[in-house]
Each structure stands twice: as structure tokens, then as C-alpha cells.
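Here is the structure we will look at, set down as C-alpha cells.
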């Protein structure tokens, strides 16, 4: 507890130090950086991060998280493909897509693309004659490399390519981002990133427009046994006010999460729904003077590092024909597996039976419905989960699933036919 409190104070001190140079310039929407080159990219928010108030520099564990901090990819467990879309105001749309592969012996890699397309603007000449319409389009491509330098620290970098088009003018430029993540305790993480290092610089006509450098620093604290997260972040951009972000995320059930956040001067919220073991739908909404902003995202996970367990049958009777259930097990760890465990718990969360051993789990185990002493357990529903830990201390867990034991035999009404003697 003392170490965790000390880490929390260190993280708070770092954020406070970043804020001091801007103490005389409070953040406000009226002092926004919307007129700066690349402001749309620096203010980009995904469906998930919108709900958290864009406080994501200390988390950044998905393909589009590299926009906050490229060092977050090593904290991913599975390969992930993400698509995002948002319809804004006056026909403006923002879209994003990303793909990332977490590494173990090799670096983690990612590629992402985000774009903005405005609605139509009216084109006129000097005497205000209507000459048709035009739109503005901006696109950014990011290529990410990140590496865990230890089980508690990771470094990452983006190579950024941007393209801007207005009417018949088009130009592009290159830039870079760098970031670091540090796991201070099991639940507390600190993230720092520097965006737009040395550019990009875009010249549409005669004057180059260089994206300003931006520094982001944040903390993320896991709460409620890992089911929730509280995050805070400070963004400092050259020539603009300090911006404050904060948010929370809580998984009410393994398949459903809610989020509430604060993005500088506006309230945000969102939710996630797990469509299956590999697909998740994210939704984010933010208040805005022009109305509500809605964002939708779809992500798919596969491969990578994982643990899985599946009992078949999911309902069995120790005194019936199917007297056991077979639990199929599978896992892949980032480094050599140290040990595994599979626990069955009753509705009071008491462990009634536990399997385990060194290394990776076997392909399957069988449970006969008996506890650790060899006595039959009561009829009911039991939760089970596979947990695997590698030699570096990283833990991966399967989804919590359930199996039912019933010895009561078939239930229901038995039809009775009566005959009347003549």
C-alpha cells in the first residue's frame, strides 16, 4: 500500500509539473486550438476514448491508441482490427481504421489511418457569383513500432504521413511521434508522449503550415479488481491552452461496459457491447455547442496472446449418462509459461475444485462434479476460468464461463391418459 501511494504521488507530481508553465492560461473552449494546422488530428477521438473524455495517453492499448501514445501496443494481448466513423456537423465526417499486432520477442507493429472530410462550401468570385462548391479533405497515415523494454516499461514511435486537399490544391508532409509507458504498480500506469516531432509541414500554396508540437501526460488506475478504470490526462500544445481530460470505464458485466468523461469543457459518455468472444461494438457521445457528437466503432480480436476454456457438455449429471464434463484449454503467453490454474466457483464465489500445474495447460481436463475432498458438490451453476502466468509475471485470463450440475433428472409434466369403462 505504501509503494502504491508513493507511485500515485509521483504520477501526480509529473502532471503538476507539466501544468505549471501554463498556469496563467486556463483551458477553455474559447481558447481552443481549432485554427492551428493539424488541430483535427490532435483532437481526434475514437468511440471508446470519447466516452473517457479522451484521457487515453496512459492506456493506449488498441490500434487507434497510437494517436495518443505509440508505446501502448505492447500492452495489447491479441491482434486487433478496428473501424471508426462519426458524422459531425454541416456534412463533416471523420473516419478511422487501424490494425495492430502485439509482439513478444519481436516489436509490436501497427498501421492506422484517420481522415476528415468537410461538407460542401460555396465557391464565389470577387463579385460574389456562385461558382459551385468545394470541400476540404485531410488524411493521416501512421506506421507504429513499439517495444517493451521490460515487463513494466515500453517505448514506441510513429512515422506520420499527412495529406491535405482544398479545392484544386493538394500537399503532404511527414512527421513523427514518440511515447513511453510505465507500469508503476499492478494497477497504476503512467504515460507520456510527444507528438509532431519535426513536422509535419504542409504547403498548399506559398506558405508552409507546420503542425505544432504537443505533449501529453496521463495516468490510469485500475479499480474494482480490474473491472474499472479511472484515467486523467493533460495536453499541452505550442500556442494553445492546456487541456484537461478525465474519464472512467466500468465493465458492469463481461459483455457490457459504461463510460463517463470530461473533455476539457464538455461532458462525454459511451458504452461497449461484446458481440462475441472476438467482436466488440463501441459507442461514444460528446456534448458540443452545435449539438451532440456521436461516434461508432467496431473492433475484432484474433490470435495473439490469449487463454481460452470451454466445457462440453455445459450441463451434466455425475449420476447420469454424461457423468463428467470435458474442459478444452488453450493458451499462448508472451514469454515462457510459468504455471496455469483452472478454478470452479459456486455462486458464493467459493472455489470448489481447482486444477493447475507448471507451464502451459494441457489440451483438456475432466471434472466429475466433485470437490477437492472427493465429495459431490450440490446441484447448481458453477463459474470457471483459466488463468496462465508467464515467467515475466504477466497474467492472461480466459473469459469466465459457466457449467451446470443437475442430478434431479428430467423435469416437466407427465401426460396421463385415463380410459372410461363402458
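Quick notes on this one:
- Put simply, of 32, 28, 71, 57 the only residue that is at pLDDT 85 or above, closer than 23 Å to residue 284 by Cα and in the same structural domain as residue 116 (by TED's automatic domain parsing) is 57.
- Pairs, first without any contact (Cβ under 8 Å) to a residue 60 or more places away in the chain in the stretch 236-249, second crowded, with 21+ Cβ neighbours inside 10 Å and assigned to a strand (DSSP E or B), C-beta under 6 Å, six or more apart: none
- Residue match in the stretch 46-61 (condition: surrounded by fewer than 24 Cβ atoms within 10 Å (Cβ to Cβ) and not in a loop (DSSP other than H, G, I, E, B)): no
- Considering the stretch 221-245, the residues that are assigned to a loop (DSSP other than H, G, I, E, B) and in contact with a helix residue (DSSP H, G or I) (Cβ under 8 Å, 6 or more places away or on another chain) include one that is modelled with the highest pLDDT, namely 242.
- Some residue of the stretch 355-362 being crowded, with 18+ Cβ neighbours inside 10 Å, more than 18 Å from residue 383 (Cβ to Cβ), in contact with a strand residue (DSSP E or B) (Cβ under 6 Å, 6 or more places away or on another chain) and without any contact (Cβ under 8 Å) to a residue 40 or more places away in the chain: yes
- Consider the stretch 54-97 and keep the residues that are touching a helix residue (DSSP H, G or I) at 6+ places or on another chain (Cβ under 7 Å) and without any contact (Cβ under 8 Å) to a residue 24 or more places away in the chain. The one that is farthest from residue 397 (Cα to Cα) is 65.
- The one condition in (1) closer than 24 Å to residue 255 by Cβ; (2) assigned by TED's automatic domain parsing to the domain that holds residue 277 that residue 313 fails to fulfil: (2)
The values are calculated or read from the model by the stated rules, or taken from the named source; none is laboratory data. Just so we're clear, the structure is a prediction, and the values are computed from it rather than from any experiment. Neighbour counts are summed over all protein chains in view; Cβ atoms, including those assigned to glycine, are modelled from backbone coordinates with ideal geometry.
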